[in-house]
């Protein structure tokens, strides 16, 4: 579903665009009324996607609140969309967990896990489904197979053996996409996210066919800060390439951001270069000598949260190097001490990383490429039509490669081979949280000794993140071209701080 331009993507962009229009254009006296009116702009004479205009507006209303960084409204009493706005209409607004929230009025209460016989059943004489069932849950009624749900243990043997593929497994798409089993059910059978398990990767959000899961945003606060003329500097994740169209070069993208209101634009790949150098030295000093059993990379916040929540005894092996987002932001703040720094990337989990106490002074806003697209549309900016700016020429191919799964480990490996050619390197990488859990389990069992282990919470890595605009393969192709055009392939061994242009 990620590779298809669905109505859900259209709805999300429409909400972001309307929110930004209000933020950029409204007066202090009118913006609350204009926010309350957004669901009526989006859903006008009749419902397009849901069973009634009232339900569709209810869903749109909750999306508006989340897009402004507020939580969902209670279901048992009347509350205005703008209730709590005084705490949200400030530049210093940070994300408050839970980041991912299920909109009750949008959830279809899908069956959590169930095997069911379809009308494809031919009522064959062999009835292999009945023969292999270990709990005698399959009966033959009027010549057709029927599964007793009270007896079924969901082993899947009946589905696997059916010669007509007449038995299907019904499973919540959001639960199937969640690699940490954080999707549960509320009293009404609707999906519910367990905050103790959730690592905010956003895969449930992008895989829900009803658009019932959404995350919070800071676009309203960012747009207001830009409108007020504050010094706002953008740091863009290396996954930006290809996200706004094949014709949008880094130089055109830079111009579009400047036109939107950013004072400067820097690459987060600069911070990735520093991270690759540091972790290469760390591996050589600690892992190759046997002081540490292995080294876990730290740039993916969902991967780090997974390790810390479910594998706390492995914490000492998680790299203490700053993530590229934070390393870049700190360097920017040194040169621009009065500026607000905005991380623009593909990742939902970065929103919570920026809310951590030790990061708040470095990163002021986090928005995704999807949210940035809404800001461009609100201001009538088409990046492909921009005149090229000076471009982004400071990062290496190694740092830019952080955008895809395997790219982090590859960058560190290239640095190790450059700086320590005599040290053997063992590389492992995992993508998707289910795969990450398997690798961490193996590491805990002592099967990853001497390894540099890269974990990416999203399948495909950052370019497969929840806040991206284009299919992974499309973006990956553009990234390869971008890396090939880099003036340097590997950062210098003594790189310890970003030198901004």
Nearest-5 percent of antiparallel DSSP beta bridges in the chain? 40
Where does each of 67-74, 168-175, 114-121 land if you order them by average Cβ count within 10 Å, highest first? 67-74, 168-175, 114-121
Find the centroid of the Cα atoms in the range 261-292 and in the range 353-385, then give the distance between the two in whole Å. 23
Relative packing of peptides 280-289, 128-137, 391-400 - highest average C-beta neighbours within 10 Å first: 391-400, 280-289, 128-137
Before rounding to the nearest 500, sum -39500 (n - 2.57) across all DSSP H runs of length at least 4 in the chain and divide by the residue total; then give [θ] at 222 nm in deg cm²/dmol. -10500 deg cm²/dmol
FRET efficiency for residue 361 and residue 187, using Cβ-Cβ distance with R0 set to 41 Å, rounded to 0.05: 0.50
Give the Kirkwood hydrodynamic radius (Å, one decimal) of the range 113-171, defined as one over the mean of 1/r across all pairs of different Cα atoms. 11.1
Using alpha-carbon positions, the gyration tensor of the range 1-62 gives root eigenvalues a ≥ b ≥ c; with a/c under 1.5 called rounded, otherwise prolate if a/b exceeds b/c, else oblate, the class is oblate
With a 10 Å radius around each residue's Cβ, average the other Cβ atoms per peptide and rank 290-297, 47-54, highest first. 290-297, 47-54
Mind pulling the per residue volume of the convex hull built on the Cα atoms of the chain? Å³ is fine. 174
Would you mind getting me the FRET efficiency between residue 122 and residue 176? Use the beta-carbon distance for r and R0 = 35 Å, nearest 0.05. 0.80
Once you treat every alpha carbon in the range 77-179 as an equal point and sum by Debye, what is log10 I(q)/I(0) at q = 0.14, 0.18 Å⁻¹? -0.66, -0.91
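No value in this document is a laboratory result; all are computed from the given coordinates. In this text, all values refer to a predicted model and were calculated from it rather than measured experimentally. Don't worry about glycine lacking a Cβ; one is built from the backbone with ideal geometry, like all the others, and counts go over all protein chains shown.
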